[in-house]
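Note sheet for the following structure.
Just so it is clear, none of the values below were taken in a lab; they were calculated from the coordinates. Remember, it's a predicted structure, so these values are computed and weren't measured experimentally. So basically every Cβ, Gly included, is an ideal-geometry build from the backbone, and we count neighbours across all protein chains shown.
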Amino acid sequence: MGAADGARAGLSSVTRGTLLMMLGTLGFVAESFVSRVILVRTLSPLLWSQFSLAIALGGLVTAFGALGLPSAIARSLPYESSDPERRRIVHTAYLIGGPAALTVAAALAVFSLPVSDTFHAPVFGLTLLFFSVAVAFNIIASLIASIFQGYEDVLPNALYIQVLNPALFIAFLLTAERLGPSSSTYEGVLIAYVVAAAASFVALVLYARRRLPVHLPSGPRTHGLSIKLLTFAAPLFLVGVLSYVAGNGDTLVLGAINRANVGYYSAELSLSRLLQVGIGSLGYIFLPVTARFVRTGNTPAVRVTYATATKWMVLLSMPLFLLFFFLPATSLAFVYGPAYVAPAIPLQLLVLGAFMSTLVGPSNVAQVAYGQTRLLFYNTAIAAGVDVILALWLTPLYGLTGAAVAWASASALLPALSMVELAVLNEVHPFDRNYVLPVLVTAVPVGIVLLFVPASLPLLALPLLGLGIAGLFVLAVVLSGSIDDGDRMLLEVVESILRRPVPLVRWLGRVSRRLHDRSPP
């Protein structure tokens, strides 16, 4: 397969998978917001902060229990060329991942006891005890989803993990709120969390039993464990743990210093992570697609797919960044209600770091696809160190603002390091004229204008402003002649998905080409 055909096929898989993952992620974001509103209204600020802190700690334990297997599986399955070896990979994942999940869950359950006694925090200890059960379900569910990811099938993750799990949590929350007495409200919340994880896990297992044979029919497998999988997963285990520290170390430090502020911080952090929805969805499907290209040596297809996908993911993150950064108070009021009061500076710092991480594209997963796990380990170690050190230094002095500086610095640094290494070693990066020029032409003038927007801007004007910024980016791409071959391939893919042409976009492409041809050399 040539570079053009490979890029077209890669963009097809990436576009379809990204759209599905984005729908799942947006569903997760919306459902998480609803559950957060229910919890904030049901629980006291201290209980809500302890629940938020337990989520952060539970995620760290999940990173330990996963052993780096999900990313390793998603890369190894498309990289292998024979079904017997793929069956051995799947067998190894179940044989190693299942006991590991149960082990770390048991460790968290045991750890909850001294937390209750030593720190005189019985409620937090009880929270960790319940979370230990959910952690086991979540780890094994991620292993199953990663097998489908290796076959470029994102539906299990998008549907069962991103959508069904939080939807069940909301349903069980409402049930527990109605049936349980007020004295047991928090216990009802914890039970709802665990039951939702268990029910969505069972649904995923039933789906896997029915659909996995479509991708990997039954047959003989290579004997023994897949040593290649375990060897590849070993550095990714460290990467997974350090990545979680780099993204949550600040929250854990803030919780240790002032547990009551974690709830406010997690609310602002949730907004900043909205900027990463697009690039995160892209990265999930980009990993197996790129691994397939790497196996066949089709690096030109990787370059086109990477640059084109990154360029249009900025279309999703830039409006949110400009609104949250220049209108933080209005944005917080729009999302959490006019009565919600929180400092604006932490949100501005958080969204700045999140936007910087999206500008470079899915560099981390591209390094996994290229097998550059040692470099990725060094990068995550540096980012984790930056996050923890800055959090320990700044959080006692500046509270939420100090934690935000730590998170923003680590979030921007990690993908930037990977991007530099990819550019040097593989010449893979998005930074050409057709990408940089529209970003600058859109962001700089809009940012200047938003500086003068009145603070009393109506809340309902924010969505209209966001759509206007997105439209301005598209206009900047057209008028600057920044449409390239990758964009034209992407349009073909979109039209094949819609099963109809998109005349307006094709007309804009012709206008852009004429303007580019008329420009002086």
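Going highest first, how would you order 160-168, 201-209, 403-411 by mean Cβ packing within 10 Å?
Order by mean packing, descending: 403-411, 160-168, 201-209.
Would you list Glu85, Glu427 from fewest to most Cβ contacts within 10 Å?
Lowest count first: Glu427, Glu85.
Once you order the gyration tensor axes a ≥ b ≥ c over the Cα atoms, which shape class does the range 288-436 get: rounded for a/c under 1.5, otherwise prolate or oblate by comparing a/b with b/c?
oblate
Based on the mean of other beta carbon atoms within 10 Å per residue, what is the order of 323-330, 362-369, 436-443, most packed first?
The peptides rank, most packed first, as 362-369, 323-330, 436-443.
For q values of 0.12, 0.13 Å⁻¹, compute log₁₀ I(q)/I(0) with the Debye formula on a Cα-only model of the range 410-477, without solvent.
-0.50, -0.57
With r as the distance between the Cβ atoms of Leu475 and Val110 and R0 = 56 Å, compute the FRET efficiency 1/(1 + (r/R0)^6) and round to 0.05.
0.45
Check each of the chymotrypsin sites (Phe, Trp or Tyr not before Pro) in the range 46-155 and keep only those in coil by DSSP with at most 16 other C-beta atoms within 10 angstrom; list them in order.
Phe119
In terms of the Cα gyration tensor, with a ≥ b ≥ c the square roots of its eigenvalues, is the range 266-321 rounded because a/c is under 1.5, prolate because a/b exceeds b/c, or oblate?
Note, shape of the range 266-321 comes out oblate.
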